[in-house]
1. Could you check the spin-label model distance between residue 48 and residue 101? Points 7 Å from the Cα along Cα→Cβ, value in nm.
2. In terms of solvent-accessible area of protein heavy atoms at a 1.4 angstrom probe, what is the ranking of 68, 78, 114, highest value first?
3. Of all the accessible heavy-atom surface of region 4-116, with the other protein chains kept in place and a 1.4 Å probe, what percent is carbon and sulfur?
4. For region 23-145, what Kirkwood radius comes out of the mean inverse Cα-Cα distance, in Å?
5. Taking 7 Å along the Cα-to-C-beta vector as the label spot, tell me the residue 71-residue 17 distance in nanometres, rounded to one decimal.
6. Give the separation of the Cα centroids, region 112-147 to region 26-46, in Å.
Amino acid sequence: MSDRTHDEHPETAPGADLRAGHAARAKSAAFRAASVCHYVERHDAQENVVWKAAHAARVSLQALAVLSESAPDPAADSRCARNAAASAAQAAQMGRLHDGDGELAVAACRSALSASQTASAAAGRDGLGADEALNTAADEAEADAVAAAERAGWMRPGQRLPEMSAGMRSPELMSMMHF
């Protein structure tokens, strides 16, 4: 295959399949974070809970935006998915803080933390975003986190959320996110 073919069909470029998986996981995590943010807003949570959930949602959206703006790179793409999952876990902690220690809220929070940890493992030194087994585990953990968030009432299947702004991306934030 020539370089010209790669330019004409970027979806066939090396890493495109990996990118699609990382992007889907990052999008799902960002949607989870935004869902929790809207959940706590609708249920009149304490101001600090709403603020922290909104911040987590913005950071997860920023990670998704960075992924969509860059060239495919399994290591960088997996870091974006990891950062989105970590932010979604922070949002889940706000959902649990608002809901208390009920079984569904605790399970959803644990599942979000597990999704964050497996996304971190997939992005880590051993996989650098390209290890199939680590990526599969991260995909499964993300699906479990979505299901747990739905059971907790933080998300609804087929739910559409209003647009949320990712806000400004400062150099400090980008540095913290390892970009």
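1. My value for the distance between the label points is 1.9 nm.
2. Details: 68 85, 78 0, 114 50 Å².
Greatest to least solvent exposure: 68, 114, 78.
3. Working: 2730 of 5160 Å².
Looking at region 4-116 in its full context, I get 53 percent from C and S.
4. Values: mean 1/r = 0.0714 Å⁻¹.
Hydrodynamic radius (Kirkwood, Cα only) of region 23-145 equals 14.0 Å.
5. Label-label distance for residue 71 and residue 17, simple model: 2.2 nm.
6. 21
The values are calculated or read from the model by the stated rules, or taken from the named source; none is laboratory data. Bear in mind the structure is a predicted one, so any value in this text is a computation, not a measurement. Here Cβ is always computed from backbone atoms with ideal geometry, including for glycine, and neighbour counts include all displayed protein chains. We work out accessible area using only protein heavy atoms, side chains counted, and drop any ligands, DNA or RNA first. Shrake-Rupley method; radii C 1.70, N 1.55, O 1.52, S 1.80 Å.
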